[in-house]
Amino acid sequence: MGIYQPGDDIKVKFQFKQTEDSEWLWLCVTHSDDEQRIVFCRLDSEPRVNTNMRFGMELVIGYDSIRDHIKASSLLPSCPIVFFSHQAEHSHTS
């Protein structure tokens, strides 16, 4: 079993040579290769600096570029968000 598993999140700092700006972005691992020390992933953040990159874009990242790692098992499962309006809360009281 590799270090980075499908569903894990990794954080990478991207440096942009054209502007000398940098940006931290989260990526979701699809699979990894420990022998070659690379992670196949998709962009899990919406880039603000580099507009050529898009949410969901597939990337290959070297292990040395990874600065943070969150195991999929420690992430909360996706669930719908329920919004309650102030009016709805009071409509059930007498």
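Derivation of every value follows stated rules applied to the coordinates shown; laboratory data play no part. Bear in mind the structure is a predicted one, so any value in this text is a computation, not a measurement. In this analysis, Cβ positions are derived from the backbone assuming ideal geometry, glycine residues included, and neighbour counts consider all displayed protein chains.
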Mind checking which residues of segment 1-54 are surrounded by 16 or more Cβ atoms within 10 Å (Cβ to Cβ), of a type in the set (G, A, S) and closer than 15 Å to R67 by Cβ? S45
Hits in segment 26-43 - residues which are in contact (Cβ under 8 Å) with a residue 24 or more places away in the chain and closer than 13 Å to L59 by Cβ: L27, V29, T30, H31, S32, I38, V39, C41
Being touching a residue at least 40 places away in the same chain (Cβ under 8 Å) and of a type in the set (K, R) narrows it down to one of K17, K13, so name that one. K13
Under the condition of being in a loop (DSSP other than H, G, I, E, B) and among the aliphatic types (A, V, I, L, M), which residue from segment 1-18 is nearest to the chain's Cα centre (by Cα)? I3
